[in-house]
């Protein structure tokens, strides 16, 4: 380890370059992991909520509702279908508006909002956005669904929202993965180049060691240790960058997605991220140096 530290001190600019590229790679990997994890949680949240709401005509009977629910249960792609009565709709409305007297109708000319003015509905959770068409056909065929003044069935489903969210999630994953792979290759090539240059500059000394009977492991060990220092230092700096970004973005993110993802982020997330990034940084730095030193050992035989 002492020899590795001496090598770093002899060429500080090369060491700074290696640590910088590893830090940048680890930082991007960490941000990509956090964004991917968060986008998957948000997407799962949308997919598990009632995605289709069909409003029912007044005067429907329990038997009619049961028949509609049975038809929906037999429809391909339906994960769950539940009946929301007028009274249930009122309770949901009160929960959504809180204690706002205007929305509750206590200070308006409309009078207090009651269950009679709210429609009953059926809420359907689909297995995937691709199932919306089949579910929509079943609802369109039912005479129980209320009709708008324009003659259309009152069916609400955020197909475009979920599809767009899925598209953006896939695009983020693909773009982030390409960026991570590119930076990882750059980091590997950078470390390999730096270690190869250091080995070449001490070629005469290394050959002297070999003539004296030194083993290959003894010769390459300082360079492996040096690359581990690059990987460890860069990983810690990259993780600190992710930590700072996540810490200072919490006030911005909490009001917007706080109902889906809990803020502040639990410390276990930071620990898992720290362990994963350190491991990744050590792997790419160690194997980059191992490949560079093994090439030199083979050529020097």
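The values are calculated or read from the model by the stated rules, or taken from the named source; none is laboratory data. Every value quoted in this text rests on a predicted model; they were computed, and no experiment measured them. We place every Cβ from the backbone using ideal geometry, glycine too, and count neighbours over all the protein chains shown.
Among the listed residues 248, 218, 230, which satisfies the condition of being within 28 Å of residue 33 (Cα to Cα), more than 25 Å from the chain's Cα centre (by Cα) and either in a helix (DSSP H, G or I) or free of Cβ contacts under 8 Å to residues at least 60 places away in the same chain (or both)?
Details: 248 fails: more than 25 Å from the chain's Cα centre (by Cα); 218 fails: within 28 Å of residue 33 (Cα to Cα).
Checking each option against the conditions leaves just 230.
For segment 114-147, enumerate the residues that are surrounded by 19 or more Cβ atoms within 10 Å (Cβ to Cβ) and within 28 Å of the chain's Cα centre (by Cα).
124, 126, 129, 131, 132
Is it fair to say residue 196 is in contact (Cβ under 8 Å) with a residue 60 or more places away in the chain and under 30 Å from residue 10 (Cα atoms)?
On the way: in contact (Cβ under 8 Å) with a residue 60 or more places away in the chain: yes; under 30 Å from residue 10 (Cα atoms): yes.
Answer is yes for this residue.
When the residues of segment 194-208 are filtered to those that are within 46 Å of the chain's Cα centre (by Cα), within 16 Å of residue 224 (Cα to Cα) and part of a helix (DSSP H, G or I), which remaining residue is modelled with the highest pLDDT? Can you show your working first?
First, the residues of segment 194-208 that are within 46 Å of the chain's Cα centre (by Cα): 194-202.
If we keep only those that are within 16 Å of residue 224 (Cα to Cα) too, we end up with 194-200, 202.
Next, only the ones that are part of a helix (DSSP H, G or I) stay: 194-200.
Details: 194: 89, 195: 86, 196: 85, 197: 84, 198: 81, 199: 80, 200: 78.
Across segment 194-208, the extreme among qualifying residues is 194.
What number goes with the only condition from (1) in the same structural domain as residue 288 (by TED's automatic domain parsing); (2) on the phi > 0 side of the Ramachandran plot that residue 12 does not pass?
(2)
Going by the conditions given, is residue 265 outside any helix (DSSP H, G or I) and buried (at least 16 other Cβ atoms within 10 Å of the Cβ)?
On the way: outside any helix (DSSP H, G or I): yes; buried (at least 16 other Cβ atoms within 10 Å of the Cβ): yes.
So residue 265 passes the test.
Is at least one residue of segment 63-76 assigned to a loop (DSSP other than H, G, I, E, B), buried (at least 17 other Cβ atoms within 10 Å of the Cβ) and modelled with pLDDT of 80 or more? Step through it out loud before you land on a result.
Going residue by residue through segment 63-76, those that are assigned to a loop (DSSP other than H, G, I, E, B) are 74-76.
Of the ones still in play, those that are also buried (at least 17 other Cβ atoms within 10 Å of the Cβ) are 75.
In the following step, the residues that additionally are modelled with pLDDT of 80 or more were identified as 75.
Scanning segment 63-76, I find at least one residue that is assigned to a loop (DSSP other than H, G, I, E, B), buried (at least 17 other Cβ atoms within 10 Å of the Cβ) and modelled with pLDDT of 80 or more, so the answer is yes.
Being in contact with a helix residue (DSSP H, G or I) (Cβ under 9 Å, 6 or more places away or on another chain), outside any helix (DSSP H, G or I), touching a residue at least 24 places away in the same chain (Cβ under 8 Å) and surrounded by 13 or more Cβ atoms within 10 Å (Cβ to Cβ) is true for just one of 4, 54, 18, 38. Which residue is that? Don't jump to the end; show me each part of the working.
On the way: 4 fails: outside any helix (DSSP H, G or I); 18 fails: outside any helix (DSSP H, G or I); 38 fails: outside any helix (DSSP H, G or I).
Going through 4, 54, 18, 38 in turn, just one is in contact with a helix residue (DSSP H, G or I) (Cβ under 9 Å, 6 or more places away or on another chain), outside any helix (DSSP H, G or I), touching a residue at least 24 places away in the same chain (Cβ under 8 Å) and surrounded by 13 or more Cβ atoms within 10 Å (Cβ to Cβ): 54.
Looking only at residues in segment 124-157 that are assigned to a loop (DSSP other than H, G, I, E, B), modelled with pLDDT under 85 and touching a helix residue (DSSP H, G or I) at 6+ places or on another chain (Cβ under 8 Å), which one is farthest from residue 61 (Cα to Cα)?
128
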